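Engineer: Supplied in structure tokens, the structure appears directly below.
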Amino acid sequence: MASGFIEEIKQFEPQLDSSSWGAQWEVRTKVVTCIFSIFGVVYIQAPLILLLLFFGVMAALMSIGFRFKYVVSKLVMLIPFLLLMSVPILFSSGLHIDQAKFEFVLNLNLTALTAALFMMIMLLTQPLHQLLNGLSRLGIPKALTIIVMLAIQYTRLFGRTLMAYQKALISRLFRPSLKAQSFKVYSAVMAGLILRSIDQSEKVFKAMKARGFRGEIPTVTPKPIEKRDLFISGFFLAVIIIFIFIEKRWF
């Protein structure tokens, strides 16, 4: 079971059925809806409402066709960053944790996880070229669109590089520990990753330049926005607005 979960972590694409409602949802309306939904999630402060939203968006991902293990494997990657934010806040006044700090940290974590689920809907329910085409047609600055493209590509390259390093360490019978020798290996791996990333970025720049890239991403006419797309967007936004109203009225 553990090996299966690790395989899910290695997956970059969720392998969705192209007939699912998330894959059929028009990109421009999807992007706008997810961005406004994330702002709505940030606006909500009640942990119970955030918890309901989290499970609601999780259910939406399952109905799109995402595998539960796949979603959890992506959320697990956020845990180190969430711990890095949460632990100093919880123990800022010593070992005693008061209720206000606990609720604030719980709110922070639920907001981050729910926003991550919306980002998965926005970024992973269509091929990259469709997402970039939709972003460019929304009037988003070209530089920002290119940054998004490169960030996604470099994230994939970085993930593949990490897996290659992991296999190399396992083949050399390395066992992670808190000993000084292990930390030397960790530092060597990080140094290698940084140097390899710089080398890859230089190669990508030269390859793009050799192919005539001048900061322009060619686009095609996007799929027309249909009533179904507006209905899905309206449903998501209506749910967010209802939750905000409930929080202000009863919490």
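The values are calculated or read from the model by the stated rules, or taken from the named source; none is laboratory data. Computed from a predicted model, the values in this text were never measured in an experiment. Note that we place each Cβ from the backbone using ideal geometry, even for glycine, and neighbour counts take in every protein chain shown. Side chains included, ligands, DNA and RNA excluded: accessible areas come from the protein's heavy atoms. Shrake-Rupley method; radii C 1.70, N 1.55, O 1.52, S 1.80 Å.
Engineer: In a GNM of the chain with a 10 Å cut-off on Cα contacts, which of Leu144, Leu106, Leu75 has the highest mean-square fluctuation?
Structural biologist: So, out of Leu144, Leu106, Leu75, the one fluctuating most is Leu144.
Engineer: Give me the distance between the Cα centres of the range 197-251 and the range 47-89, rounded to whole Å.
Structural biologist: The range 197-251 and the range 47-89 have Cα centres separated by 20 Å.
Engineer: A follow-up question, please. Once the Cβ-Cβ distance between Leu193 and Ile140 is put in as r, and R0 is 35 Å, what FRET efficiency do you end up with, to the nearest 0.05?
Structural biologist: It comes out at approximately 0.70.
Engineer: Provide the solvent-accessible area of Lys142, counting protein heavy atoms only and rolling a 1.4 Å probe, rounded to the nearest 10 Å².
Structural biologist: In the full protein context, Lys142 sits at about 120 Å².
Engineer: Largest first, please: the extent of the C-alpha atoms of the range 187-251 along each principal axis, to the nearest Å.
Structural biologist: 54, 42, 16
Engineer: Follow-up question, since we're still on this one. At a Förster radius of 22 Å, what calculated FRET efficiency corresponds to the Cβ-Cβ distance of Glu202 and Arg156, to the nearest 0.05?
Structural biologist: After rounding to 0.05, the efficiency reads 0.80.
Engineer: Moving on. Pairs of alpha-carbon atoms within less than 8 angstrom and 6+ residues apart define the contacts here; what relative contact order does the range 106-251 have, in percent?
Structural biologist: The value is 33 percent.
Engineer: While we're looking at this one, here's another question. Which of rounded, prolate or oblate describes the range 14-80 when judged by the alpha-carbon gyration tensor and an a/c cut-off of 1.5?
Structural biologist: Since a/c reaches 1.5 but b/c is at least a/b, the shape of the range 14-80 is classed as oblate.
Engineer: OK, next. What number, in percent, do you get for the relative contact order of the chain if the mean sequence gap of Cα pairs under 8 Å and at least 6 apart is divided by its residue count?
Structural biologist: So the answer I get is 36 percent.
Engineer: Let me ask something else. As a test of the formula, what do you get for the chain when each DSSP H run with n ≥ 4 contributes -39,500 (n - 2.57) and the sum is divided by the residue count, at 222 nm and rounded to the nearest 500 deg cm²/dmol?
Structural biologist: -25500 deg cm²/dmol
Engineer: Could the peptides 197-203, 239-245 be put in order, highest first, of the mean number of other beta-carbon atoms found within 10 Å of their residues?
Structural biologist: Final packing ranking: 239-245, 197-203.
Engineer: Per the 1.4 Å probe, what fraction of the accessible area of the chain, in percent, lies on carbon and sulfur atoms?
Structural biologist: On the chain, the fraction of accessible area on carbon and sulfur atoms equals 72 percent.
Engineer: Now a separate question. Lys/Arg Cβ at +1, Asp/Glu Cβ at -1, dipole of the chain taken about the Cα centre: which of Val204, Ala115, Leu53 is farthest positive-ward?
Structural biologist: The residue sitting most towards the positive pole is Val204.
Engineer: Can you send over the solvent-accessible area of Arg28, 1.4 Å probe, protein chains only, in Å² to the nearest 10?
Structural biologist: About 50 Å², ignoring ligands and nucleic acids.
Engineer: Determine how many Å³ per residue the convex hull of the Cα atoms of the range 1-127 encloses.
Structural biologist: Spelled out: Cα convex hull of the range 1-127, divided by residues, is 118 Å³.
Engineer: Further question on the same structure: Explain nothing, just compute: Karplus ³J(HN,Hα) = 6.51 cos²θ - 1.76 cosθ + 1.60, θ = phi - 60°, for every residue of the range 235-251 in order, whole Hz, x for Gly and Pro.
Structural biologist: Using θ = phi - 60°, the values come out as 5, 4, 5, 5, 4, 4, 5, 4, 5, 4, 5, 4, 5, 5, 8, 10, 10 Hz.
Engineer: Let me ask something else. How big is the range 119-251 in terms of Cα radius of gyration and Dmax, in angstroms?
Structural biologist: 22.1, 61
Engineer: Mind ranking 121-128, 56-63 by how tightly packed they are, going by the mean number of other C-beta atoms within 10 angstrom, highest first?
Structural biologist: Result, highest mean Cβ count within 10 Å first: 121-128, 56-63.
Engineer: Something else about it: Roll a 1.4 Å probe over the protein chains and send me the accessible area per residue for the chain in Å².
Structural biologist: 62 Å²
Engineer: Based on C-alpha coordinates, I'd like the Rg and Dmax of the chain, in Å.
Structural biologist: 21.1, 61
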